[in-house]
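Below is one structure, written out as structure tokens; comments come after it.
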Amino acid sequence: MSNINEKHISELRQQCLKEIEEATSLAELNTIKTKYLGRKGLIRQLFEELPNLSLKERREIGELLNRTVEEVENKLNQKLEEFKNVLIHKEHNFSKLELTLSGNKFYVGKIHPLNKVYYEIIQIFLNLGFSIEEGPEVEKEEYNFTLLNIPYDHPARDMQDTLYLDLKDFSEKLLLRTHTSPVQIRVMLSKKPPIKSIMPGRVYRHENLDPSHLFNFHQVEGLMVDRGVRLSDLKGVLTYFVKNMFGSDIESRFRQSYFPFTEPSLEMDIQCLVCKGKGCSVCKNSGFVEVLGCGMVHPQVLENVGIDSEAYTGFAFGLGVERIAMLKYRIDDIRLFYENDYRFITQF
Ligand code: FA5
């Protein structure tokens with residue numbers, strides 16, 4: 001009779017598992033597979049002898065052979081995985097496979113807190129029916145100052161320290177805009193009233209940095225020109241804005257101010273949310289923070305852009321986005337928005 005008995009199968013099984021365990025390469029593993037499970041393999045061949053057995057033995061030995069094949073295949077696959085890991089390991093030049101090491105953390109991108117506030121501000125004015133206009137950051141001196149009623153020798157030019165561009169090929173004097181108000185000029189030159197627009201953008205000033213001042217920041221300008229626009233419209237729009245931005249119980253106040261392009265001119269302060277009005281470095285212990293300048297468009301400005309100042313009136317405002325963001329998120333140093341410290345920007 002043949003080799004086909006339990007003892008022989010068990011010996012083959014043990015021998016095969018031992019060889020798999022001791023294999024040191026993929027090639028060796030393949031050879032073992034062929035040796036035992038190939039068409040003429042030591043275990044596979046035994047199946048051909050099954051018909052020579054009695055029915056009872058055929059069933060028992062058949063089952064044993066099936067189990068053995070399954071076990072050998074599992075062991076082969078397991079060893080194969082181990083080899084694959086070692087290969088990956090080598091490829092990535094790991095000195096050691098550290099299975100207890102925790103996985104890499106993947107960070108999901110987020111919107112920068114300044115952009116969040118920027119979009120929020122814009123959305124509030126869109127809800128009030130304002131359209132969006134944009135202008136260039138490199139601006140003509142004429143638009144940044146002259147047409148805004150700030151002639152060349154006007155002391156008001158000192159209010160905003162200006163970065164001029166030294167471009168000899170241009171006949172016009174160019175500068176980095178110091179505020180978004182020149183976009184008012186561009187809009188009024190290109191459109192007839194009624195005008196109801198906001199003009200968001202980046203502005204530049206030759207300014208020393210401190211906890212509430214940057215040399216490069218953002219403003220959102222607002223302009224409404226029509227027949228019969230009044231100061232109360234301006235106050236209503238801006239009060240609506242702060243209540244939507246900060247909640248209905250926020251305290252705000254208008255103070256008299258001076259801008260050559262508005263008459264009368266005002267500044268709007270809101271309660272300092274960093275110290276809740278108690279007094280801190282952000283509000284310079286006043287309990288209030290200035291967030292915007294505003295006023296009724298000066299009749300001379302309307303005339304400068306060809307709008308009849310007898311027939312039309314308008315209001316304008318320019319708010320500081322970073323200052324609003326400071327209050328919204330209770331940040332006591334404006335410079336933090338630009339430092340890109342991961343610990344800071346992931347908090348929002
Ligand atoms: C202006 O820039 C005027 N153009 C605003 C205006 C528009 C008045 C229309 C009337 C009509 P001011 O320089 O005050 O004004 O700046 C406006 C706002 O920008 C300030 O209230 C403040 O919120 C912000 N801001 C001003 N300077 C800085 C700075 N260095 N860093 C950060 N924010 C600033």
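Per-structure values
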item: Boolean, residue 145 is over 30 Å from the mean Cα position of the chain (by Cα), within 12 Å of the ligand (Cβ to nearest atom) and surrounded by 18 or more Cβ atoms within 10 Å (Cβ to Cβ); result: yes
item: Residue check for residue 309: in contact with a His (Cβ under 9 Å, 6 or more places away or on another chain) and part of a loop (DSSP other than H, G, I, E, B); result: yes
item: Per-region count, the range 20-44, residues more than 60 Å from the chain's Cα centre (by Cα) and either closer than 14 Å to residue 5 by Cβ or modelled with pLDDT under 90 (or both); result: 1
item: Every residue from the range 245-274 that is surrounded by fewer than 17 Cβ atoms within 10 Å (Cβ to Cβ) and away from the ligand (no atom under 13 Å from the Cβ); result: 247, 248, 249, 250, 251, 253
item: Every residue from the range 119-156 that is among the small types (Gly, Ala, Ser), closer than 19 Å to residue 320 by Cβ and touching a strand residue (DSSP E or B) at 6+ places or on another chain (Cβ under 7 Å); result: 135
item: Residues located in the range 201-210, provided they are surrounded by 15 or more Cβ atoms within 10 Å (Cβ to Cβ) and either more than 7 Å from the ligand (Cβ to nearest atom) or β-branched (Val, Ile, Thr) (or both); result: 201, 203, 204
item: From the options 281, 232, residue that is assigned to a loop (DSSP other than H, G, I, E, B) and either within 29 Å of the chain's Cα centre (by Cα) or in the same structural domain as residue 176 (by TED's automatic domain parsing) (or both); result: 281
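Here is a yes/no grid of residues against (1) in a helix (DSSP H, G or I); (2) over 17 Å from residue 14 (Cβ atoms); (3) in contact with a strand residue (DSSP E or B) (Cβ under 8 Å, 6 or more places away or on another chain):
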{"site": "36", "(1), (2), (3)": "yes, no, no"}
{"site": "40", "(1), (2), (3)": "no, yes, no"}
{"site": "58", "(1), (2), (3)": "yes, yes, no"}
{"site": "62", "(1), (2), (3)": "yes, yes, no"}
{"site": "69", "(1), (2), (3)": "yes, no, no"}
{"site": "74", "(1), (2), (3)": "yes, no, no"}
{"site": "77", "(1), (2), (3)": "yes, yes, no"}
{"site": "86", "(1), (2), (3)": "yes, yes, no"}
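The values are calculated or read from the model by the stated rules, or taken from the named source; none is laboratory data. Computed from a predicted structure; not experimentally measured. Every residue, glycine as well, gets a Cβ built from its backbone with ideal geometry; the counts of neighbours run over all protein chains shown.
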